[in-house]
Every structure is written in C-alpha cells, then in structure tokens.
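The block underneath contains the structure these notes are about, expressed in structure tokens.
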Amino acid sequence: MTEITNKIYYVGVNDRNKNLFEGLWPLPNGVSYNAYLIDDEKVCLIDTVEVDFFTQFIENIREVIGDRKIDYLVVNHMEPDHSGSLALLKKYYPEIQIVGNKKTFGMIQGFYGIEEDGIEVKNGDSIELGAHTLNFVLTPMVHWPETMVTLETTSHVLFSGDAFGCFGALNGGVIDSQINCDGFWLEMVRYYSNIVGKYGTPVQNALKKLEGVQLDYICATHGPVWHDYINKVVDIYDRLSRYEAEEGLVICYGTMYGNTERMAEVIARAASQAGVKNVVLYNVSKTHHSYILRDVFRYRGLIVGAPTYNTGLYHEMDVLLSEIANRDMKGRLFGWFGSYGWAGKAVEKIGEWNEQRLHFEPVGTPVEMKQSLTPEVKAQCEELGRAMAEKLCGK
Ligand code: FEO
C-alpha cells in the first residue's frame, strides 16, 4: 500500500467496470474510490469504498495493519460510493467507533439500518490518535448536507471527501508527484460540473474555512492525492465554484436532418472569424451531456439551437437546458436559434428557458429558420455569431 506520509496510507480501490457514475455520467477512464488509513496508537480509517470492492478494500487494510483492530472510522461523506462498505466493515471490526456529525448518524441508520452509538463531532472538534491529531471541519452541502472534511494537523493532510476530487482511475501511482496528471485536469472540471456544480456557494464557504490552513497533502475520495499541485486544484475549485469562466464559446445543437446543424456551423464560423479562439460545437444527441456541461462551466459564451419537435422543443435540448439550469450557473452570455418544418416553437421555448430558469445575459437576436438555410437566415446566424464574439472579446 502507498504510504502518503508519516504512516498515513492509501487503501482505496479502482473501478474500471462501471459505465456510468451515479447511473448518469460516463467513466471512460474509470474512477477511484479513495480511503485512507492512519496507523497510530489508535488506528483510524477515513471513509470506506463502494461495497462491490469490499474484498479488495479489506485486503488493502490488512496489508497495513495485519490483524490489529481499527479503532475509528471517520465518515466524511455518506454517499454510498464512500459509505457502501460501512455495514460489512462493522461485521469485520465490531468494536470500530464511527466518527461523524449530527447528520451522519441519521443517514447511517437510513442507508444501513445501523443504530450507531458513535462519536458525534462538531465543527472544530479534535480526536487524538497518538502521534496524529484529527480536526473536523463541517462543510455542509459540498454536495450533501452531512459533508465534512478532516484535517490531520501534525502532517498537514486534508481528507477532503469529494472536494478536489476528479474522475479517472489511478493507474499505479497514487500521489500526483508519482504520475503524469495531464489527463486529470479536464476530468476534474467534468467531475465538478456534473456532481458538485449546483453547490458553488457551499464550496466557497468551505474554501473560506480552510483559508490560511497549511496543507501539504489533499486526500480526496476520487482521483490522485494532491501534493505538488495543491495550489492548482484549490484554484480550479475556487474558480469553478465562483462560476468563473474563460473566454470561449459552446455551441450546442439538436438536429434531425442536418438543417439546424448548418445554422450552428455558420454561427461558429462567424464567431471564430470575429476573434473567438475557443469555440466548441456539440450535437446534443451525440455528445453526452456530461461533456457539454463541463464546457459550459469552462466557457463564458453559450449558444444553443434545436428543431421544433411535437410542437415543442427537441427533447434532448430540453434535458440539457434542465441540467444547466439545475446548476444555478451565473455570468454566462446566451444566444439561441432554432428551426421548424411547419410550426415554429423551439426558439420560443428556448427563450422561455432563459427567462424563467437560466437567467443568462441574452446576446444578439434569436434566429428562427423555416425548413432550410436561406441567404437571409444565414446572414442572421452570422450576425448572432458576431454579436457573441463582440461580447466575449469586448470589441
Ligand atoms: Fe463520491 Fe458524493 O460521492
């Protein structure tokens, strides 16, 4: 097992089998469920792993402590990808004392039917393990109500739960200094936008609580242990939770026969010619919403378009707009377009989405096309692309 520092060990597992995290989000590179073990006078486990991996998890633990007992299990987060092994672990280690906050224990009862007489901690409480001291910081709604983080104050290690986590299994190395991290940065943005994205304000509150705290290692529940890149990952989470974006444009469209797609291509070319360097186009029916959400978090401009379908909005676009709206994003520039064969509705519906749920700054004039791209409609699309470019580039 990898020793992170000073008898703090990684005992997590990799999941390369699951296709969709939470049944929703693709895992092309897998995901890790990280847990940590502190080998001290009192042995302390920080979080568990998804129950499918329990056998591997126990082997990892025994590789570090052999037949010794575990004194404490700190539960930073109750979502079952981390608490899933809790009930089985209690059978292997019946004397283990569970450490959580007031909200944790109700969830343990609810999920696992365990009436736990554990150690209930409040914000700022500490537990001594011997050479290590754990300090608990409550961080509610990052992204569940019971979430907390645990700071080991001797070695300056933060056990951060899902915060600072990312998609991607660990291919041998565990600590960022042991591995090439290039593949993790976009996966961190995708993870944040998909899983945590709605909770920008609680993430900001959590970051404020950790301000000024010396951190030498951040041990999240997914992805690498951060050591060399601590400043970078804190900065990524800080910017994302403030909904700060780069200059760039996401154009996302639905299309049945390619006509609406042609509008998107014209808009993209006009925006590019007017100076926007980061332009990404997605067919909403082809690219999973997970990746589109990621880029809506990355870039400040968003233009969406879709055909009218069953006298309403093309279903896939409806779903995407709902997912964006559910994340309470701020500070985006928004343009839209649409098409119809015999009765126009899509443009009106997208406008309603923005007025009622998204509340983004409208840019340019929405373009509505009947049946196919005429020179007039093409000019309107070019105008929409240029209007967005002017806003984005400040020209
Ligand atoms: Fe990785 Fe919120 O569970």
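The values are calculated or read from the model by the stated rules, or taken from the named source; none is laboratory data. On a predicted model such as this, the values are computed, not experimentally measured, just so you know. Glycine gets a Cβ as well: all are built from the backbone with ideal geometry, and neighbour counts include every protein chain shown. Ligands, DNA and RNA are stripped out before the accessible areas are found, and what is left, the full protein with its side chains, is counted by its heavy atoms. Shrake-Rupley method; radii C 1.70, N 1.55, O 1.52, S 1.80 Å.
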Checked against a 32 Å limit on the C-alpha separation, the offending pairs among 18/209; 7/103; 18/378; 18/198; 69/208 are 18/209; 18/378; 69/208
Rounded to whole Å², per residue accessible area for segment 246-389 with a 1.4 Å probe reads 43
Bridge orientation stat for segment 246-389 from DSSP, antiparallel percent rounded to 5, came to 10
Placing each pseudo-label 7 Å from Cα in the direction of the beta carbon, residue 243 and residue 95 end up separated by a distance in nanometres of 5.2
Any lysines whose Cα falls less than 17 Å from that of residue 277, other than same-chain ones fewer than 8 residues away, would be 391, 395
Simple SL model, points at 7 angstrom along Cα→Cβ for residue 182 and residue 348; separation in nm is 5.1
The percentage of the accessible area of segment 246-389 (probe 1.4 Å, all protein chains present) made up of carbon and sulfur atoms, to the nearest whole number, is 45
Note: probe point = Cα of residue 213 + 7 Å toward Cβ; backbone nitrogen < 17 Å; residues of segment 11-37 passing the test are 36
So for R0 = 30 Å, FRET eff. of residue 330-residue 169 from the Cβ-Cβ r, to 0.05, ends up at 0.35
So the FRET efficiency between residue 51 and residue 141, C-beta based with R0 = 22 Å and rounded to 0.05, is 0.30
Using the Kirkwood radius over Cα pairs of the chain, the Stokes-Einstein translational diffusion coefficient at 37 °C and 0.692 mPa s, in µm²/s and rounded to a whole number, is 145
Kirkwood radius from Cα pairs of segment 199-301 plugged into Stokes-Einstein at 10 °C, 1.306 mPa s, gives D in µm²/s equal to 98
Sequence order, segment 231-244: Karplus ³J(HN,Hα) from phi using 6.51 cos²θ - 1.76 cosθ + 1.60, θ = phi - 60°, Hz rounded, Gly and Pro as x, gives 4, 5, 6, 5, 5, 4, 5, 5, 5, 5, 6, 8, 6, 6
Other residues with Cβ under 15 Å from the Cβ of residue 287 give, with Lys and Arg +1 and Asp and Glu -1, a net charge of 0
Ranked output for segments 54-65, 297-308 by mean other Cβ atoms within 10 Å, highest leading, reads 297-308, 54-65
Extension length gain for residue 22 and residue 69 (0.36 nm per residue less Cα distance), in nm, is 13.7 nm
Compactness check, segment 246-389: C-alpha Rg relative to the 2.2 N^0.38 Å globular estimate gives 0.92
Rounded to the nearest 5, the percent of DSSP beta bridges in the chain running antiparallel is 40
Rounded to a whole %, the carbon-and-sulfur portion of the accessible area of segment 72-182 at a 1.4 Å probe is 50
With label points set 7 Å from each Cα along the Cα-to-Cβ direction at residue 272 and residue 153, the distance between them in nm comes to 5.6
Burial-style ranking of 4-14, 276-286, average other-beta-carbon count within 10 Å with highest first, yields 4-14, 276-286
Between residue 123 and residues 5 or more places away or on another chain, the pairs with built amide H atoms under 5 Å apart involve 138
Between the alpha carbon centres of segment 154-186 and segment 91-119 the gap in Å comes to 27
The long-range amide H neighbours of residue 175, using H built 1.01 Å from N in the peptide plane and a cut-off of under 5 Å, are 225
